[in-house]
1. Kindly indicate whether residue 172 is surrounded by 14 or more Cβ atoms within 10 Å (Cβ to Cβ), touching a residue at least 24 places away in the same chain (Cβ under 8 Å) and either under 28 Å from residue 75 (Cβ atoms) or in the same structural domain as residue 275 (by TED's automatic domain parsing) (or both).
2. Out of all the residues in segment 185-205, which are in a helix (DSSP H, G or I) and buried (at least 18 other Cβ atoms within 10 Å of the Cβ)?
3. Within segment 331-346, identify whether any single residue is over 18 Å from residue 254 (Cβ atoms), outside the structural domain of residue 54 (by TED's automatic domain parsing) and out of contact with any strand residue (DSSP E or B) (no Cβ under 8 Å at 6 or more places or on another chain), and answer yes or no.
4. Pull up segment 211-238, narrow it to residues that are in a loop (DSSP other than H, G, I, E, B) and under 10 Å from the mean Cα position of the chain (by Cα), then point me to the one that is surrounded by the most Cβ atoms within 10 Å (Cβ to Cβ).
5. With respect to residue 149, is the statement that it is part of a loop (DSSP other than H, G, I, E, B) and at positive phi true?
6. Please tell me if residue 43 is out of contact with any strand residue (DSSP E or B) (no Cβ under 9 Å at 6 or more places or on another chain) and at pLDDT 95 or above.
7. Determine which single condition residue 129 fails, assuming it passes every other condition in (1) touching a residue at least 60 places away in the same chain (Cβ under 8 Å); (2) buried (at least 20 other Cβ atoms within 10 Å of the Cβ); (3) closer than 23 Å to residue 22 by Cα.
8. Mind checking which strands (runs of 3 or more DSSP E) fall wholly inside segment 16-95 and carry at least 2 residues that are closer than 30 Å to residue 138 by Cα, touching a residue at least 24 places away in the same chain (Cβ under 8 Å) and within 18 Å of the chain's Cα centre (by Cα)?
């Protein structure tokens, strides 16, 4: 179907093979990257319509090929349609729609009765989140990572993020670098962490989510039980410890990642322990001893990476992450640096918890 007018969500939605006529299309979710909307048809059917962000996914056809393979695999594994995402094809039978400007759109069936995990998280809720991400790792364990496209090259290549920050500081396109010298110095003081995973033989490469933050899980809106992992654009070959780490970074904290008052940002030990219990309870037998030993390194590395990316984007002019206020990315960077400092203060304690939960304590 050719969309004759401007490629807005309302104009694109009818391109997808859904029952009835599209009646409403409204903004949905709070993701940083893709444009996400929720469409409702005359039959009451709802579906999530997304425009992929080319700045994040340079080759959307590769990401979509991965997602087609992954959603089919998961659907066969779990059976329950609420426990895996289901792509909706276009009326021409394709899995995505390219509009006249070259933008790529896709649609998922809305998971009815679903919600994001509660906020603030309780230990019980975060334990369930840990179990869900652990189960996801097990569900894709029989997928060959070499069979998936690399949709975001060097996604968790920490030394490259350090180098990128240095390059943007040197270019300083908007003259912002001089205003954030304390933040730059704080971030670069952790540079050694960026080399935690330099040894390619340290851990196996697996099919991993690579953006396993709490917001990328749906739960039952009544029971709170996990349903399915979402936002699959980043699924590719990676390290399991990074998924563990991103979940800890986004969940075992006292404040959301854009809280501007860093005095309110702290690591929450009881949440870390709960997630670790759920995660290792689900996938501990799949992980190698080296992976288990480096779970805490993943938490530290992912928090550093996120702080580097937010700080770099702020200095460059907020070109990647969507912002809602002046200094939004700077607030995010300061927040993550504060969390990283508190994670570092609990370094030995985290190792003890992981050992105890994994049953590897001598």
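The values are calculated or read from the model by the stated rules, or taken from the named source; none is laboratory data. Keep in mind the model is a prediction, meaning the values are calculated, not measured. Reconstructed Cβ throughout: ideal geometry from the backbone, glycine too, with neighbour counts over all protein chains shown.
1. no
2. The answer is 186, 187, 193, 194.
3. Scanning segment 331-346, I find no residue that is over 18 Å from residue 254 (Cβ atoms), outside the structural domain of residue 54 (by TED's automatic domain parsing) and out of contact with any strand residue (DSSP E or B) (no Cβ under 8 Å at 6 or more places or on another chain), so the answer is no.
4. 212
5. Judged against the criteria, residue 149 is not a match.
6. yes
7. Result: residue 129 passes all but (3).
8. Qualifying strands (runs of 3 or more DSSP E): 46-51.
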